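Read through the structure below, which is laid out as structure tokens, and then see the notes.
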Amino acid sequence: MAALRLTLAASLAAARARLPLGRCPPPAPCSASAGAMEPEPRWLAGLRFDNRALRALPVETPPSGPEGAPSAPRPVPGACFSRVRPAPLRQPRVVALSEPALALLGLGAPPADAAAREAREAEAALFFSGNALLPGTEPAAHCYCGHQFGQFAGQLGDGAAMYLGEVCTAAGERWELQLKGAGPTPFSRPTEWTTLKVNPGVNSGRWAMMTCRCSSIRQADGRKVLRSSIREFLCSEAMFHLGVPTTRAGACITSQSTVERDVFYDGNPRPEQCAVVLRVAPTFLRFGSFEIFKSSDEHTGRAGPSVGRNDIRVQMLDYVISTFYPEIQATHASDSVQRHAAFFREVTRRTAQLVAEWQCVGFCHGVLNTDNMSIVGLTIDYGPFGFLDRYDPDHVCNASDTAGRYSYSRQPEVCKWNLQKLAEALDPALPLELAEAILAEEFDAEFRRHYLQKMRWKLGLVRAEREEDSALVARLLETMHLTGADFTNSFYLLSSFPAGPESRDLDEFLSALTAQCASLEELRLAFRPQMDPRQLSMMLMLAQSNPQLLALIGTRASLARELERVERQSRLEQLSPAELHSKNRSRWAEWLLEYRCGGC
């Protein structure tokens, strides 16, 4: 196990080192963009900003309006950013600071003196809430589009987030700072809790769309509330410490300001405290950043705000590659097509590795739209998300995703689909047929390689790689599924498995392993049929009489899953708790024998 711990430690260090960083020029004098009346920082005074993105990419200057008026929602053509200003909050205060994330910016450890710590928190509350701006910051909202639940949604953009600027550290690293929840921008949109419910279409990989409208409306206020901000703060830091590439959270700030939110989605909104998260990343550019050039979509009729502006597409590619992929820029400086191809190949590899990391820790993103996919291979935008408890490959963590498009098992497939949309967005700067060939060649192979490597490490299979390892992992997951085992707890228990042939009897270990499996009542609830019996009967008749129509409306897979549920439910009804325990023990004993041989 010592070798396993060393291997895992090396893996974690490699995962952290993998985060792409742009190199910074020598610190430049800060620009006085915040205005003469801004308070002077003390603790944060050492932060030096060099806002390369705003110099390299087109920025919209907002239309004139009353001083202090909120940004009006509007199309933003011909620009990648629009200048904004955070809206003040009443009595902001610190909920939490992440010292490891803030250390990335060169900020020192918290002082031992209580009064000094209190002064530091007061400064963090002031500047990380957006109530005051640090010298050198230039608040702006990023314009992007996206495919949401498989359908092109047109202009989206930073509706509740603001780019502050890019901090250059003494180590030569560059970190973009962003405030999430700091007030309205041109991209803030009212949300009518409209859910796009989708089903897979025929062969083409396209998705049919149905719409369900609920009763609550959220105003275009650009605010986030405390409960969702705490979740983002905790999960982004947890993911980093799990070794998963991710944006970081430096601070979570709450306030006495409130907004109306429908907490339970039942048509009864109530006031909630406004909060802001300070997010840190090399960049927050995403697949959707390149979709602002998309022409009118054949399904939705929507188009990107900068359709036809190939000059901006090339400008953005030049900026992204030179800043975040400098080795590609250096290798293919004289051949733009090969440079763009190498860039897309690397994005494909990083995305495949990222989703493999998610699968290995049981993470479910929940909203894998193209506007939530990082251009540098990070986990971004923690909205509805979750981790597997009982292992269920069809687990869906987003209540709006009734069709299961973003279920745990579909995440690799969806990420590949999103890369296809990125490929389409890069054309003609990167010819589509070349990008599609790269995607076909790289994604599946890289995902399988990285996933199996991580699973080997999780299982301690570090001495030698065997062809049987992939089947061993597959049978482990099948055993987890059949026994209702907890995903994380199973791996935790396996870390203490007595692997040697001379080890003690397995009875005690098997008892611990089966004790964390689901009860009979839990399994019956989990596998209860989801279709009305009359609906299921009608679908079965349709499958016999007109299978082509069944495929056309995209319910063949759903029908197969429902039949599996019915069959599983029937078997469970005939079991007693004692019989279930005996079956679970037998299944785990069989797999453990195979595991012990594999580890020898």
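The values are calculated or read from the model by the stated rules, or taken from the named source; none is laboratory data. Please read all numbers here as calculations on a predicted model, not as lab measurements. Cβ atoms come from the backbone with ideal geometry, glycine included; neighbour counts cover every protein chain shown. The protein model used for the area step is the full one, side chains on, heavy atoms only, and it has no ligands, DNA or RNA in it. Shrake-Rupley method; radii C 1.70, N 1.55, O 1.52, S 1.80 Å.
Values for this structure:
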quantity	calculated
Rg/Rg_globular for region 385-489, with Rg_globular taken as 2.2 N^0.38 Å and Rg from C-alpha atoms	1.32
Within-15-Å neighbourhood charge of residue 577 [Cβ basis; K, R +1; D, E -1]	0
Cα gyration tensor category, rounded, prolate or oblate, for region 218-317 with a/c compared to 1.5	oblate
Burial order of peptide ranges 378-385, 457-464 (average beta-carbon count within 10 Å, highest first)	378-385, 457-464
Residues of region 238-296: accessible area per residue with a 1.4 Å probe, Å²	29
Accessible area (Å², per residue) of region 44-172, counting only protein heavy atoms and a probe of 1.4 Å	40
Debye, to nearest 20: dipole size of region 218-315, +1 on Lys, Arg Cβ, -1 on Asp, Glu Cβ	200
Rounded to the nearest 10 Å², the accessible area of residue 332 at probe 1.4 Å	50
Surface per residue (accessible, 1.4 Å probe) for region 420-515, Å²	48
Proximal lysines relative to residue 454, as straight alpha-carbon distance under 20 Å, when same-chain residues fewer than 8 apart are discounted	416
Surface share of carbon and sulfur [accessible, 1.4 angstrom probe, percent] for region 383-460	52
Ranked packing of 145-158, 466-479, most packed first, by mean Cβ within 10 Å	145-158, 466-479
From phi via Karplus (6.51, -1.76, 1.60), per-residue ³J(HN,Hα) for region 243-249 in Hz, x at Gly/Pro	x, 9, x, 7, 5, 10, 10
Share of Cα-Cα pairs in region 262-333 lying beyond 18 Å, as whole percent	64
